[in-house]
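Chemist: Below you'll find the structure I mean.
The values are calculated or read from the model by the stated rules, or taken from the named source; none is laboratory data. This one's a predicted model, so the numbers in the text were calculated from it and none came from an experiment. Heads up, the Cβs are rebuilt from the backbone with ideal geometry, glycines too, and the neighbour counts pull from every protein chain shown. Protein only, heavy atoms only, side chains kept; ligands, DNA and RNA dropped before computing areas. Shrake-Rupley method; radii C 1.70, N 1.55, O 1.52, S 1.80 Å.
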Amino acid sequence: QVQLVESGGGLVQPGGSLRLSCAASGSIFRISAISWYRQAPGKQRELVAVIDAGGSTNYAESVKGRFTISRDNAKNTVYLQMNSLKPEDTAVYYCRLLGAGIDYWGQGTQVTVSS
């Protein structure tokens with residue numbers, strides 16, 4: 001069983017920054033790709049960024065150059081550094097661990113970008 005716990009959300013002004021954390025239990029974390037998704041009110045959940053076990057990353061076009069995903073395997077934690085935030089980044093952000101036969105989600109953390 002894997003548990004994912006997100007933290008770091010909050011209210012920030014446009015142009016500001018936040019760093020989200022996704023803390024995981026279980027040794028499988030270190031061999032798994034971890035993704036960040038987000039879901040805004042009335043919209044479908046969308047993929048924001050992914051980091052594989054080797055550290056390779058991919059990003060949605062809408063966040064490239066502004067967001068950075070990273071991982072610290074010693075702490076079983078994945079981070080999402082979000083800079084130059086825009087109102088359209090407002091959403092609940094979720095982390096996900098998807099592997100062979102397993103699919104775990106965190107409970108989500110709210111990010112609100114507003115002046």
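Chemist: Exactly one of (1) within 18 Å of Pro14 (Cβ to Cβ); (2) open to solvent by less than 60 Å² (accessible area, probe 1.4 Å) is unmet by Ser70. Its number?
Modeler: (1)
Chemist: Sticking with this structure for a sec: Report those strands (runs of 3 or more DSSP E) wholly inside the stretch 1-74 carrying at least 3 residues which are more than 12 Å from the chain's Cα centre (by Cα).
Modeler: In the stretch 1-74, 10-12 are the strands (runs of 3 or more DSSP E) which contain 3 or more residues that are more than 12 Å from the chain's Cα centre (by Cα).
One line per residue, one yes/no per condition, for (1) without any contact (Cβ under 8 Å) to a residue 60 or more places away in the chain; (2) of a type in the set (A, V, I, L, M, F, W, C):
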| position | (1), (2) |
| --- | --- |
| Gly10 | no, no |
| Ile34 | no, yes |
| Leu47 | yes, yes |
| Val50 | yes, yes |
| Tyr59 | yes, no |
| Gly65 | yes, no |
| Ser70 | yes, no |
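Chemist: In addition: Could you figure out which of (1) open to solvent by 20 Å² or more (accessible area, probe 1.4 Å); (2) touching a Ser or Thr at 6+ places or on another chain (Cβ under 9 Å); (3) under 27 Å from Gln13 (Cα atoms) isn't true of Lys43?
Modeler: Against the list (1) open to solvent by 20 Å² or more (accessible area, probe 1.4 Å); (2) touching a Ser or Thr at 6+ places or on another chain (Cβ under 9 Å); (3) under 27 Å from Gln13 (Cα atoms), Lys43 comes up short only on (2).
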